[in-house]
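Asks: Structure provided below as structure tokens; questions to follow.
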Amino acid sequence: MGPGEGTDGTVADTLAVFERLEQPSTPLTTAEVADALDCHRQRARRSLARLADRGVLETKETGSESRIWWRPVEADATTNIDSPWDEDDQFAEFVRSVEDYAIFVLDPNGYVASWNDGAKRIKGYDADEIVGKHFSTFYTDEDTERGVPARNLAAAERSGRIESEGWRVRNDGSEFWANVTITAIWDDDGSLKGFTKVTRDLTERKQREEALRRENELTEHLLKTAPVAITVQDGDGEMVMANQRAQDVLDLSEQELVSDPGVRDEWEFYDSDGNSLAPSETPMARVYETGEPLFNEEIAIDRPDRDRLWVSVNTVPQFDSEGSLERIISASEDITELKRQEAQLRRERDFVDQILAAAPLSILVVNRDGSIEKLNQRARNRLGLEESDEYAIGDQLVYDADGNPVPPSERPYMRVFETGDRVTDWEGQIDLPGGRAWMSVTAVPFGDESPPERVVLAVKDITKLKTQARQLERQRAELEAELDEVYDRITDGFIALDEEWRFTHVNEAAEELIEREEATVLGESVWEAFPQAETGIVWEKAHEAMETQEPVSFEWYNESLEAWVEIHAYPSETGLSIYVRDVTERVESERELEARARQQWVVSELSRRALEDTDLDVLFDGAARLVADVLDNEYAKVLDLDQSNDELLLRQGVGWEDGTVGTGTVSASEDDSQASYTLHSKEPVVVDDLATESRFSGPELLRAHDVSSGISTIIGSYDDPWGILGTHDTERKSFTDEDVTFVQSVANILAEAIERHAYQTELEELVAELEASNERLESFASMLAHELRNPVTIGHIYSRQLPDETDSDAVEYVTDAFDRIETMIDVMLVLARGNDAVDTTGSVNLAEMAREAWDDVDTLEATLDVDLDMTVQADETYLQHLFANLYRNAVEHGGEDVSVAVGELSSGFYVEDDGTGIPEDERDSVFEVGYTTAAEEGGTGLGLAFVRELTDAYEWGCRIAESESGGARFEFKCIGGDT
């Protein structure tokens, strides 16, 4: 018995249900009372029976298992029901006033004999409209044609009572779903007196049942076909259903899940932190225990012979009307891939942090509100920030190239936020703790959002470059001022001509200029004395002055004198006064200055283009055209050296025959090639006359275009050339040092552009790979190796140029340090790039390499025994690193007096020692990057990783065994056979 069941409180609540009715005498079914009390039907029935026993309620059975209840009307109420019987006036009054049921009487033939208010409301007829008519009026045409009314009366007469449900027709023609009870009424003598018919409108119930049926069908369909794994357990915790998705996720059939619970007994469960869960701690068990739902619980499941499965579980209990647990529904989503991606993302973030820490630029990730999400240590140092400092990108004052303040809304990163387009190499100034500095900024959008929510800034300090540029500009201005002073000190020559163009006066300065004495030219026509002047500018200007009587000034090159003269002619009626001075030096200086200025402009313009243009071929084409134009040459070319260093492609150029650019090639190795000679020269190569050139005869490309002179220089470094920049002419020419420097400067710009383009590509790949790719390691390693090799190469060059009196030990230490850096670069490249880093091989003597590597390693008192005579195809440098790393490993783990042996195998060679050896369960781990047991002694964990990467790159076999003395033995298969 539930709480309060059968108490007066419950009986009072039941009576209150009738008191709240508009007509307290309206009959209610047990179900209606139970719904009003929100309790079980049995409890409602017991309360109703108590009230009926007390005489408070009246009741009447309407079916074998159904009953109605009502409050009786007052005792003085009267009944006028038109009925074949009237022995129960109170009930007759009740029948008349009931509105929720159609209760009426039929005569033995089925004609309506009485009508109540409920019949009027449900069927729509007034009593005078329907009394006397046959009750088949209420049936549909189909039921009437099938004889349903007659069969129902016959059945009621035969059985005493029938109950049925079906569609009935109202007065207005509309249909409703009716529950109908027809009861036969018998007289005392057993003759049929008529029928009572009780009709209830169950249309709403019918609609609810249909909706519930459809909902149940839909629910079942959704459970079966949902893309989420759904399982159902009954109140006892037994699984009763698993949809197809659950079967797929758990890799078990529904039969196995439902009928074979022992399968799940072998499963092990873990929480989101990886802690083991007891069976009672799983989400389903906890819901079963507490009755409370759980949402978004992440658990891991380990099953025999299967990978770990991660699922996110929502588990909800369902209770019946009595409050008992009826079932538990669990909806699970397979998040195994998501967990894997999360782990991968964590690893990639750690990797990105390492890259940012090593990047040679200040790198910042900026949010739309100006806050900095991430910055590397270089940026933090440059901004003068501590690790705990918070910093917003708009905190510092920024100025443009002219020194004007730039508001935050106009800075490069905000332009990216607004447009979504990258900003490349924006130059400006910023106030930093150490003073105002120049910076070059590249800003790129981060992620796929449009507009972006974050922007990556790469900031390069160019303060030193700007300072050098200003110094160069000052030097140029000073040079121009000095030249002006020189021009002012030159003494003019004077010549007078009469109206017939005859010489009348020539001063000493003019005699020197024309290399004729006055006496020899007086009275002679100027056109006779200098016939070369009779055509061209001198003739034109002289006649112009005489005709217009206006002074003229011009410059003229006298081929016979091989000199430039500046002429100022002042006409008069008697002739022409001419002031002449030799301006050859000035003109040549001006032209040289103009050429230098033009060359400087070209260098500046190409530098600008190199910063702005992303298409290298456009830059190469522009550079070739500008170089040819400035040097007044017919040809210029950019040659691209192929990877094999055997051939150069004419990638871009000007002046060459149609079809040559893009297809023409020049040998990079033949003796007759100027290009080949240039690649092996540390300085630009200048040719005045190819016909008399003794260093090379010139390739077919130059001979076919009648080239006579030219300049060629390497694009890139001597040790690592990218290609060649060349310019040529069909005439013999003598090029100045400035011309050669100019061509070299252009080549340097192209090399910088190529490097910048490569760097820009690396930066773009870095941004893209911040979200999802490990492939940037190779690109970054290549870039870093290149950046490291530049200062190392410079260091090598300058260490060789140190004076003889420099401390030899110091020089040796510096050289050894550079060698060590180059070694680490080689190791890093092999670790990062594998086969791509060791594609150049040759025949190497293993014994020589083994001994040379021993000399390069600090082996203390260790000893080496080499017993092999064989060669392999490999790179000497990398093979020497392999032996050196194995020696260091032997000394680190075997002690200072370890003995090392290098010997020959049928299919390769081995390196072994008599140290402590490597446990068998650690032999795979020792090849991993960072694995070391000698960290306190300086071990990096890269040595054996390099060994494995190098052998993989050469496709050699490599395995670790135990030497006869119990030490470590490394065996390498490199010439066929099995290792």
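Quick note: the coordinates plus some simple rules give every number you see, no bench work behind them. This structure is a prediction, so every number in the text was calculated from the model and none was measured. Note that we place each Cβ from the backbone using ideal geometry, even for glycine, and neighbour counts take in every protein chain shown.
Asks: Quick one: check the C-alpha center-to-center distance for the range 501-546 versus the range 271-329, whole angstrom.
Replies: Distance between centres, Cα-based: 114 Å.
Asks: What residues have an amide H closer than 5 Å to that of ASP875, excluding those fewer than 5 places away on the same chain, when H is modeled at 1.01 Å from N in the peptide plane?
Replies: It is GLY842, by chain and number.
Asks: Under a 5 Å amide H to amide H cut-off, with H placed in plane at 1.01 Å, what residues pair with GLY967 once short-range neighbours are removed?
Replies: Excluding prolines and chain starts, which carry no amide H, the hits are GLY915.
Asks: How much FRET efficiency would the formula 1/(1 + (r/R0)^6) give for ASN296 and GLU22, where r is the Cβ-Cβ distance and R0 is 51 Å, rounded to 0.05?
Replies: 0.55
Asks: Tell me the label-point distance for the pair ARG470, THR660, using the 7 Å Cα-to-Cβ offset, in nm and rounded to one decimal.
Replies: 4.6
Asks: Using per-residue counts of other Cβ atoms within 10 Å, averaged over each peptide, order 469-475, 377-383, 139-145 from highest down.
Replies: Output ranking for 469-475, 377-383, 139-145: 377-383, 139-145, 469-475.
Asks: Determine, for each peptide in 597-608, 265-276, the mean count of other beta carbons within 10 angstrom over its residues, then list the peptides with the highest first.
Replies: Most protected by this proxy first, the peptides run 597-608, 265-276.
Asks: Hey, rough spin-label estimate for THR535 and GLU410, points 7 angstrom out along Cα→Cβ, what's it come to in nanometres?
Replies: Taking the simple label geometry, THR535 and GLU410 are separated by 5.9 nm.
Asks: Once you have the Cα-Cα distance between ARG205 and ASP671, take 0.36 nm times their residue separation minus that, and quote the gain in nm to one decimal.
Replies: Net length gain for the segment: 157.4 nm.
Asks: May I pose another question? Taking R0 as 41 Å, what's the FRET efficiency between SER697 and SER553 from their Cβ-Cβ distance, rounded to 0.05?
Replies: The formula returns an efficiency of 0.25 here.
Asks: Within the range 855-872, which residues have the backbone N less than 18 Å from the label spot 7 Å out from GLU964 along Cα→beta-carbon, could you tell me?
Replies: 863-869
Asks: Then there's this: What nm distance separates the two modelled labels at ASP353 and PHE319, each placed 7 Å from Cα along Cα→Cβ?
Replies: The two pseudo-label positions are separated by 4.8 nm.
Asks: If you don't mind, another one. List, in order, the whole-Hz ³J(HN,Hα) value for each residue of the range 748-760 obtained from phi through the Karplus relation with A = 6.51, B = -1.76, C = 1.60 and θ = phi - 60°; use x for Gly and Pro.
Replies: Coupling constants for the range 748-760: 5, 4, 4, 4, 5, 5, 4, 5, 4, 4, 5, 5, 4 Hz.
Asks: What's the extension gain from ASP855 to GLU373 if we count 0.36 nm per residue and subtract their Cα-Cα distance?
Replies: Residue separation times 0.36 nm, minus the Cα-Cα distance, leaves 168.5 nm.
Asks: Would you mind putting 239-249, 867-877 in packing order, based on average other-beta-carbon counts within 10 Å, highest first?
Replies: Going from most to least packed, we get 239-249, 867-877.
Asks: Then there's this: Ordered by residue, what ³J(HN,Hα) values in Hz, to whole numbers, does the range 514-531 give under the Karplus form 6.51 cos²θ - 1.76 cosθ + 1.60, where θ = phi - 60° and Gly and Pro are x?
Replies: Karplus-based 3J(HN,Hα) across the range 514-531 equals 8, 6, 9, 7, 4, 5, 7, 10, 4, x, 8, 5, 4, 6, 7, 5, 10, x Hz.
Asks: Work out how much length THR419 to ARG264 would gain on full extension: take 0.36 nm times their residue separation and subtract the Cα-Cα distance, in nm to one decimal.
Replies: Gain on extension, THR419 to ARG264, equals 50.2 nm.
Asks: Now a separate question. Could you work out the local net charge near ILE299, counting Lys and Arg as +1, Asp and Glu as -1, over the other residues with Cβ closer than 14 Å to its Cβ?
Replies: -4
Asks: Same structure, new question: Grab the other residues whose beta carbon is less than 10 angstrom from that of SER272, score K and R as +1, D and E as -1, and report the net.
Replies: Charge balance in the 10 Å sphere: -3.
Asks: I've got another one for you. How much net charge surrounds SER525 when only the other residues with a Cβ under 11 Å from the Cβ of SER525 are counted, with Lys and Arg +1 and Asp and Glu -1?
Replies: Cβ neighbours under 11 Å give a net charge of -4.
Asks: Report, in whole Å, the centroid distance computed from the Cα atoms of the range 675-731 and the range 873-894.
Replies: The two parts, judged by their Cα centres, are 42 Å apart.
Asks: Next up: For the range 861-877, just list the computed ³J(HN,Hα) in residue order, Karplus coefficients 6.51, -1.76 and 1.60, θ = phi - 60°, integers in Hz, with x standing in for Gly and Pro.
Replies: 9, 5, 10, 10, 10, 10, 9, 7, 9, 7, 10, 9, 8, 6, 8, 4, 4
Asks: Cut-off under 17 Å on the C-alpha distance; same-chain residues fewer than 8 positions from LYS120 excluded. Which lysines are left, in chain and number order?
Replies: LYS133, LYS197
Asks: Here's another thing I want to ask about it. Once R0 is set to 25 Å, what does the formula 1/(1 + (r/R0)^6) return for the Cβ-Cβ distance between GLU612 and GLN643, expressed as a FRET efficiency to the nearest 0.05?
Replies: 0.30
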